[in-house]
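Single-structure report; data block below.
Bear in mind these aren't lab numbers, they're just calculated from the coordinates by the rules spelled out. Small disclaimer: the values here were computed from a predicted structure and weren't measured. Cβ: placed from backbone, ideal geometry, glycine included. Neighbour counts: every protein chain shown.
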């Protein structure tokens, strides 16, 4: 029985992290805590509540009823006044991860370069780091219609392999269902709206924390408003913009029939150098608009190329140093 469980865990690990030594590298990386947050459980993040952890915050004057063990007697000897030492209460941070599972994510890129699989592996890495830091994390998938595949909140180092097991199961389930869903589900005929699956607000985080979104951002409307709505829920938002090399530098020529993967609408195109240049300009403008929207709101923006190995992308995030750093 134990051997069977070990074999299953090995399969899960290979599905999520097919990169030699990646878990060992993750153990040497930590998520930055850029703001003080409130929580319920003891963790490794500093809260805006004053408690009894080891990091000194400030002094305040002693008042009747205070614990005399917290009086700084050295300071009393110098000033003849009693002051209480206060400490930052170290509590867990809440991380919520949203992985875009729309058609443009699931249907673009073959095998290891599939955008959605890449996003799931990136989310698994961030979730692993959150639990490694004794923090709380949850994960949900979303597409043009709904939020689904929600994992219950996990907490602490002991939950790391539970996370990997559940994510591996989720990947297999979605991959198995994709073909059937593509056959049975009617194509989208209206404007794709990123707000649609979050319209009632119940799928947004309920407590202050950090939200990571892994998406290609290919929604005709609503994506920037979704980011704003997350900030309104007291979220520090990190947007990981995932694109494929063929989206950035497509190798197309001649007479083509291009099909919109979301709506299935087709268009005949005679590909030329001028059309290709206009396309690249449009892609550059699209990327710049999303990056600018994030910068305007103080949202961290990362762009990752799913045509490159995930560890290479993470090394670039580490170089930026805003959300990730070495221990």
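Any chance you could run the full-extension gain for residue 283 through residue 8? It's 0.36 nm times the residue separation minus the Cα-Cα distance, nm to one decimal.
Net length gain for the segment: 94.9 nm.
Roughly how many Å is it from the Cα centre of the range 206-229 to that of the range 122-168, as a whole number?
About 17 Å separates the Cα centre of the range 206-229 from the one of the range 122-168.
Just want the ordering: 80, 94, 7, from fewest to most Cβ atoms lying within 10 Å of their own Cβ.
Sorted ascending by nearby Cβ count, the order is 80, 7, 94.
Does a label point 7 Å from the Cα of residue 249, set along Cα-to-beta-carbon, have any residues of the range 308-327 with amide nitrogen under 14 Å, and which are they?
308
Arranged by the count of other C-beta atoms within 10 angstrom, fewest first, what order do 216, 67, 72 take?
The fewest-first ordering by Cβ neighbours comes to 67, 72, 216.
In nm, give the distance between the simple-model label positions of residue 322 and residue 69, each being 7 Å from the Cα along the Cα-to-Cβ direction.
Reported label-point gap for residue 322 and residue 69 is 4.4 nm.
Counting other C-beta atoms within 10 Å, which of 277, 134 has the fewest, and how do the rest follow?
277, 134
Round to the nearest 0.05 the FRET efficiency obtained for residue 195 and residue 82 when R0 = 45 Å and r is the Cβ-Cβ distance.
0.25
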